[in-house]
Amino acid sequence: LHSALQAWEGAGKRGVWLRLPAEAHAYVDAAVAAGFEYHHATAGYLQLTRWLPPTPSPLPRYAFTSVGVGGVVVNGKREVLMVQERVSPSKRMQGSWKLPGGLAEPGEDFAATVAREVAEETGVRAELDGVVSLRHSHGRRFGQSDVYVI
C-alpha cells in the first residue's frame, strides 16, 4: 500500500478511493495506518479515502440526507387516507395517525416511493399528482439530515 501511495503521488494523483470488500476486513487497520479515512460502509464493503496533497480534502462526504415521502390520498368523498403508526422509533409517535409513507430506497424517485409506500401500508394503489409540501431538517436519526416530501 505504501509503494502504491508513493507511485500515485509521483504520478500527480490527488485523491484515492479504497473500497475493501467485507471479506477483506483484515486490511482495514493497515489502510487507516497509511492515512486512509473512513468514508462509508454497506453490508458488502467499506469505502475509505485518502487525500494526498497537504491541503484540506475536497473529496465529497458520505451521503448525509435521507429522503422520505408521504402520500395524500383523497377518495371521491374528499376523505383523506390515514394510517395508525404501529412501530415508531419515537415513543410519543406510537399509535398516532399519519399519512402513509416512508423512506425512499436507493435510486427510487418520489413517485415510485409514494406509490410503493401507500400500497405497502394500505393496499391502495396511488400515483403522484404533485408535491404539496417539502421539509428539510437536520440532526435526525444517526445525526443525518432529512428531506420529507408530501
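The values are calculated or read from the model by the stated rules, or taken from the named source; none is laboratory data. Only a predicted model underlies this, so the values are computations on that prediction, with no experimental measurement involved. Note that we place each Cβ from the backbone using ideal geometry, even for glycine, and neighbour counts take in every protein chain shown.
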Quick check on this structure: which one of L20, L48 is outside any helix (DSSP H, G or I), in contact with a Lys or Arg (Cβ under 9 Å, 6 or more places away or on another chain) and of a type in the set (A, V, I, L, M)? L48
Which condition number does G35 fail, the rest of (1) in a loop (DSSP other than H, G, I, E, B); (2) on the phi < 0 side of the Ramachandran plot; (3) surrounded by 10 or more Cβ atoms within 10 Å (Cβ to Cβ); (4) not assigned by TED's automatic domain parsing to the domain that holds A126 being met? (2)
Might you let me know whether the range 87-96 holds any residue that is closer than 30 Å to T42 by Cβ and either surrounded by 14 or more Cβ atoms within 10 Å (Cβ to Cβ) or modelled with pLDDT of 95 or more (or both)? no
Could you go through the range 83-96 and let me know if any residue there is part of a helix (DSSP H, G or I), within 22 Å of the chain's Cα centre (by Cα) and of a type in the set (S, T, Y). no
Any hit, the range 64-80, residues being of a type in the set (S, T, Y), touching a strand residue (DSSP E or B) at 6+ places or on another chain (Cβ under 6 Å) and modelled with pLDDT under 95: yes
Starting from the range 53-75, take each residue that is surrounded by fewer than 10 Cβ atoms within 10 Å (Cβ to Cβ) and list its partners that are among the aliphatic types (A, V, I, L, M) and in a loop (DSSP other than H, G, I, E, B), counting only C-beta distances under 9 angstrom and pairs at least six apart or across chains. N75/L81
